[in-house]
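The values are calculated or read from the model by the stated rules, or taken from the named source; none is laboratory data. Keep in mind that this is a model prediction, so the values were computed, not measured. Methodologically, a virtual Cβ is constructed for each residue, glycine included, from the backbone with ideal geometry; neighbour enumeration extends over all protein chains shown. Calculation scope for accessible area: heavy atoms of the full protein, side chains included, ligands and nucleic acids excluded. Shrake-Rupley method; radii C 1.70, N 1.55, O 1.52, S 1.80 Å.
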Amino acid sequence: MDLKAFIRRLPKAELHLHIEGSLEPEMMFAMARRNGVALPYASVEETRAAYAFQDLQSFLDIYYAGAAALLHEQDFHDLAMAYFRRAQADGIVHAELFFDPQTHTVRGVPFETVLDGLERACRQAREELGISSRLILCFLRHLSEAEAFATLEQAQPHRHRLHGVGLDSSERGHPPAKFERVFACCKDLGLRRVAHAGEEGPPAYVWEALDRLGIERIDHGVRAMEDPALVGRLVREQVPLTVCPLSNVKLRVFPELARHNLKEMLRRGLCVTLNSDDPAYFGGYLGQNFLESALALELSRGDLVSLARNSLLASFTTPAERAPWLAELDAVAGA
Ligand code: ADE
Ligand code: ZN
């Protein structure tokens with residue numbers, strides 16, 4: 001079996017996917033046209049040409065501008081369904097979707113509109129594509145604690161429709177501790193907790209996310225490798241890291257894929273998973289992240305199986321839900 005087919009056949013969970021980051025320029029333009037929204041670029045081609053980023057912030061500026069095309073329940077539904085179709089083509093059996101309600105509520109889009117559209121797509125993906133999913137509400141860390149609390153307040157009536165909370169946006173200068181009280185409330189509400197840390201920010205942010213936010217998975221975490229004591233703890237506690245190789249290259253966390261520390265992370269015994277982050281902006285969905293990483297870093301098929309297994313084990317599914325996927329994974333690995 002060739003490498004592409006092997007990757008496709010591995011049952012995989014995607015645990016770090018910003019649904020707004022799966023908005024392809026074609027869909028962005030179609031929605032902007034039907035919604036009467038002005039975009040900063042004249043065409044799909046011009047938009048793609050602008051996707052040359054210097055760092056996280058230069059990406060975020062463009063990403064938030066693109067999200068302005070999303071207004072109606074149908075838009076959020078269509079966005080998520082387009083992602084689920086790509087996910088199925090990549091052999092994803094389970095996806096935990098991040099969404100950024102503050103990006104939308106600030107433009108006057110009701111919280112419910114966002115949630116209704118995404119949830120309808122999750123139901124449809126289950127029924128039509130056999131993909132299970134969860135929704136994770138992310139707080140924008142460049143905004144204030146008070147704004148995060150206001151968002152949590154809006155989310156309260158929909159608590160049962162949300163599985164967890166995360167923390168994203170501009171990392172530097174916005175340490176996890178800024179949201180310690182928000183995450184304490186989320187814990188009391190029974191929400192699962194994750195946070196971006198150690199993408200551009202220092203290892204200290206990863207410590208903080210663990211100790212002060214009580215997070216259960218680290219999103220990115222590649223800079224944790226600079227701190228041997230932190231690596232020791234992450235290995236000991238098997239804290240999952242949702243690594244996004246193509247994203248890291250596009251945002252210049254690493255100069256090229258061949259220099260990514262993902263293989264070293266695996267060798268150190270960390271619970272690494274592969275993810276696409278914002279695939280419409282970073283040059284590929286999950287299958288492409290697997291394929292390009294395997295080629296650039298000379299990962300073995302055993303490594304790819306480990307990455308897929310880690311993703312299933314690190315997901316917020318129950319052991320009973322993931323048992324059939326793990327059995328299928330063993331079958332593919334042994335074939
Ligand atoms: N929001 C969307 N993608 C992100 C990333 N890679 N880091 C932080 N915030 C984000
Ligand atoms: Zn991310």
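What residue, of Arg126, Arg141, is touching a strand residue (DSSP E or B) at 6+ places or on another chain (Cβ under 8 Å) and free of Cβ contacts under 8 Å to residues at least 12 places away in the same chain?
Details: Arg141 fails: free of Cβ contacts under 8 Å to residues at least 12 places away in the same chain.
Among Arg126, Arg141, only Arg126 is touching a strand residue (DSSP E or B) at 6+ places or on another chain (Cβ under 8 Å) and free of Cβ contacts under 8 Å to residues at least 12 places away in the same chain.
Condition (residue is within 16 Å of ligand 2 (Cβ to nearest atom) and either touching a residue at least 12 places away in the same chain (Cβ under 8 Å) or open to solvent by 40 Å² or more (accessible area, probe 1.4 Å) (or both)) applied to segment 228-239: is it met by at least one residue? Give the derivation first.
Residues of segment 228-239 within 16 Å of ligand 2 (Cβ to nearest atom): none.
Within segment 228-239, none of the residues are within 16 Å of ligand 2 (Cβ to nearest atom) and either touching a residue at least 12 places away in the same chain (Cβ under 8 Å) or open to solvent by 40 Å² or more (accessible area, probe 1.4 Å) (or both).
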Next item on the list: Return the pairs, sorted by first residue and then second, in which the second residue is aromatic (Phe, Trp, Tyr) and within 16 Å of ligand 1 (Cβ to nearest atom), the first residue lies in segment 197-221 and is in contact (Cβ under 8 Å) with a residue 24 or more places away in the chain, the beta carbons are less than 8 Å apart, and the residues are 6+ apart or on different chains.
Entry: Ala197/Tyr205; Gly198/Tyr205; Leu213/Phe179
Note to self: I'd like to check something: does segment 56-69 contain any residue that is within 16 Å of ligand 1 (Cβ to nearest atom), open to solvent by 40 Å² or more (accessible area, probe 1.4 Å) and in contact (Cβ under 8 Å) with a residue 12 or more places away in the chain?
What the structure shows: yes
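What residue, of Leu257, Leu246, Leu266, Leu210, is more than 14 Å from ligand 1 (Cβ to nearest atom), open to solvent by 10 Å² or more (accessible area, probe 1.4 Å) and under 25 Å from Asp61 (Cβ atoms)? Steps first, answer last, please.
Details: Leu246 fails: more than 14 Å from ligand 1 (Cβ to nearest atom); Leu266 fails: under 25 Å from Asp61 (Cβ atoms); Leu210 fails: under 25 Å from Asp61 (Cβ atoms).
Only one candidate qualifies: Leu257.
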Notebook entry, point to check: Taking segment 276-290 only, how many residues are farther than 14 Å from Val249 by Cβ and either away from ligand 1 (no atom under 16 Å from the Cβ) or touching a His at 6+ places or on another chain (Cβ under 9 Å) (or both)?
Noted result: 2
Item checked: Near pairs, Cβ below 7 angstrom, 6+ apart or cross-chain, from segment 145-157 (of a type outside the set (Phe, Trp, Tyr)) to any residue that is at pLDDT 95 or above and not in a helix (DSSP H, G or I) -> Ala148/Phe139; Thr151/Phe139; Ala155/Leu137; Ala155/Leu162
Notebook entry, point to check: For segment 40-52, what are the residues that are more than 18 Å from Phe282 (Cβ to Cβ), surrounded by 12 or more Cβ atoms within 10 Å (Cβ to Cβ) and at pLDDT 95 or above?
Noted result: Glu46
Checklist line | Matching residues, segment 316-335, being within 24 Å of Gln238 (Cα to Cα) and touching a Phe, Trp or Tyr at 6+ places or on another chain (Cβ under 9 Å) | finding: Thr317
Notebook entry, point to check: Can you pull out the helices (runs of 4 or more DSSP H) entirely within segment 1-120 that have at least 3 residues that are more than 16 Å from ligand 2 (Cβ to nearest atom)?
Noted result: 3-9, 25-35, 44-49, 73-89
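For every residue, the table says whether it meets (1) open to solvent by 20 Å² or more (accessible area, probe 1.4 Å); (2) of a type in the set (D, E, K, R).
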{"site": "Arg141", "(1), (2)": "no, yes"}
{"site": "Ser144", "(1), (2)": "yes, no"}
{"site": "Glu147", "(1), (2)": "yes, yes"}
{"site": "Arg161", "(1), (2)": "yes, yes"}
{"site": "Ala184", "(1), (2)": "yes, no"}
